[in-house]
1. What do you reckon, is residue 433 surrounded by fewer than 18 Cβ atoms within 10 Å (Cβ to Cβ), in the same structural domain as residue 560 (by TED's automatic domain parsing) and in contact (Cβ under 8 Å) with a residue 12 or more places away in the chain?
2. Does the stretch 540-551 hold any residues that are touching a helix residue (DSSP H, G or I) at 6+ places or on another chain (Cβ under 6 Å) and crowded, with 24+ Cβ neighbours inside 10 Å, and which are they?
3. Counting only residues that are in contact with a helix residue (DSSP H, G or I) (Cβ under 7 Å, 6 or more places away or on another chain) and in a helix (DSSP H, G or I), which one in the stretch 172-199 is nearest to residue 45 (Cα to Cα)?
4. Can you give me the number of residues within the stretch 216-257 that are farther than 30 Å from residue 66 by Cβ and assigned to a loop (DSSP other than H, G, I, E, B)?
5. Only one of 392, 378 is modelled with pLDDT under 95 and over 23 Å from the mean Cα position of the chain (by Cα); which?
6. So how many residues does the stretch 258-298 have that are over 17 Å from the mean Cα position of the chain (by Cα) and either in a loop (DSSP other than H, G, I, E, B) or within 26 Å of residue 482 (Cβ to Cβ) (or both)?
7. Pairs needed: first member in the stretch 278-293, under 13 Å from residue 248 (Cβ atoms) and not assigned by TED's automatic domain parsing to the domain that holds residue 443; second member anywhere, in a loop (DSSP other than H, G, I, E, B) and at pLDDT below 95; C-beta distance under 6 Å; at least 6 residues apart or different chains.
8. Test of understanding: among 202, 149, 169, which residue is in a loop (DSSP other than H, G, I, E, B) and at pLDDT 95 or above?
């Protein structure tokens, strides 16, 4: 049962019911997106996700057999190398399940950081480790180069010829990765489903194989998902996906084009999956809804006017921690619209994967956006390859100081919306001085988040910007965000302010091909993101620091908190920092004030559609009533649709033998 409480029913939900959008999406009817020939053509190609639960393209029995054999062969660790949709759901499932996990330890490596690679290598037993390389296309640069570095690291512990028997590929048929795995004789190859895009692949082999390896009963997981699929494909106002879609869309029409997700620590990994699904699906063509994982409810104690809230209550065996979270929610301004969900078990996650996927597909219909492509992600990738091939553009300035501290050379690169600056501090003042009401801030960090002081320093920057300017403020992990909120940052409304950070590595890891080193790859990606954002008129700045130590990041945080933010707010005395009346500034930056969003014309048309249809749908609830209407969407009843039996045309994974795994475990 999907448990959800909403304050009211929203008008666009009735339009979705009237137009049979839920059942048409389930039937993979691409004409739902016939507002443009391009959108309909893309939808025709990528709607296979709608029936993954009721009709799994790869037999569950084969996945479970592989996982059982791995456990019998004493596999102790699984390392998943990938990026974006190929890893996000599996990371969500395995991390949420960690308190109840079995004997196999699971780690996700979706970073360019040498620090993170060394951390993972130091925590596993290489002789009894499986390494999964997960990539739909098989050619994504991050997993391709990280695999290269990881294999070199394994050579210190295993003979080179034995390493391939530890490698498992999950990739679409015909990919470069499949060809490499077949050529080298990897342990197993699991085929993806080409009609399912990465961020909609949670319940495909990309999410199911990792789940099975850590001991999750994927048959039960998929049974619950199939129940949710039936509920979310009904043309009913009680459909939880329709409720969620209308909540997000109607608030979007009211200029609440951002939502803050509040949850306990265990649930934040689900927030990362939601973040990618929403931002990458809807952030394009100058539109979008920004998801923001918020850890401090006090930042929402006053309604900023541009946000709604999604609250997730999760299982916690500590009464004190549960009470602590409940109290934090009480401080959220009651004027901020909210939806409240609850998940307890990892099986509940399957239901929520389905609900969010259907809801965001419906939002695409309402917003007239194709939710299945990511055009700006591809453009950023091209810039990175160009930089790696031709070299990095020269910095706009080099400064040896971060505030009063001589930390070594700091490279500064500014977006095209800013004039030449003379120091790190002046450049930061220009960036933060451009913030307006209704904007959001993103700290895009190509840095390790482990180790003393690093995450704390970065989080302190994020928090102080949110608190000082009263805007949504996000801390994004590079390169992960490039495949997530990076699409919205480039393709959505021009209301973001971006500080990109990268740093020299104290102990870099060289690569044989593709890039000089992991550190140079991260720097190229940071610069590529700057170039792409700048070309779209975004307010952006890239700082390349001399190192990524906690003390260096702490110094930067202090400079921002003590000097830059104070300067920006002092300069705004008597005038709101983001005054929409500052038309000259608007013209220079290309930013649309929140009071006059870029989607007004389109919003008005859709709002008229909603009003015209609101009285044509039978509904027992009084939509105009201000009183909260708690909704319990029950996902149950008929017998669950279980996985179909294997058919002869389903490609099989290369079998794994118990004896082979036992041999590797002994080595």
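1. Working: surrounded by fewer than 18 Cβ atoms within 10 Å (Cβ to Cβ): no; in the same structural domain as residue 560 (by TED's automatic domain parsing): yes; in contact (Cβ under 8 Å) with a residue 12 or more places away in the chain: yes.
No, not satisfied.
2. 540, 541, 542
3. 198
4. Taking the stretch 216-257 first, the residues farther than 30 Å from residue 66 by Cβ are 231, 233-257.
Retained after the next criterion (residues that are assigned to a loop (DSSP other than H, G, I, E, B)): 233-239, 254-257.
Of the residues in the stretch 216-257, 11 are farther than 30 Å from residue 66 by Cβ and assigned to a loop (DSSP other than H, G, I, E, B).
5. Numbers: 378 fails: over 23 Å from the mean Cα position of the chain (by Cα).
Exactly one residue qualifies, and that residue is 392.
6. We begin by selecting, within the stretch 258-298, every residue over 17 Å from the mean Cα position of the chain (by Cα); these are 264, 285-287, 296-298.
Checking which are either in a loop (DSSP other than H, G, I, E, B) or within 26 Å of residue 482 (Cβ to Cβ) (or both) leaves us with 264, 285-287, 296.
Total satisfying the criteria: 5.
7. Listed by first residue and then by second, the contacts come to 279/484; 287/599.
8. Numbers: 149 fails: in a loop (DSSP other than H, G, I, E, B); 169 fails: in a loop (DSSP other than H, G, I, E, B).
Only one candidate passes the filter, namely 202.
The values are calculated or read from the model by the stated rules, or taken from the named source; none is laboratory data. Treat the numbers as computed from the prediction; the structure is a model and nothing was measured. We place every Cβ from the backbone using ideal geometry, glycine too, and count neighbours over all the protein chains shown.
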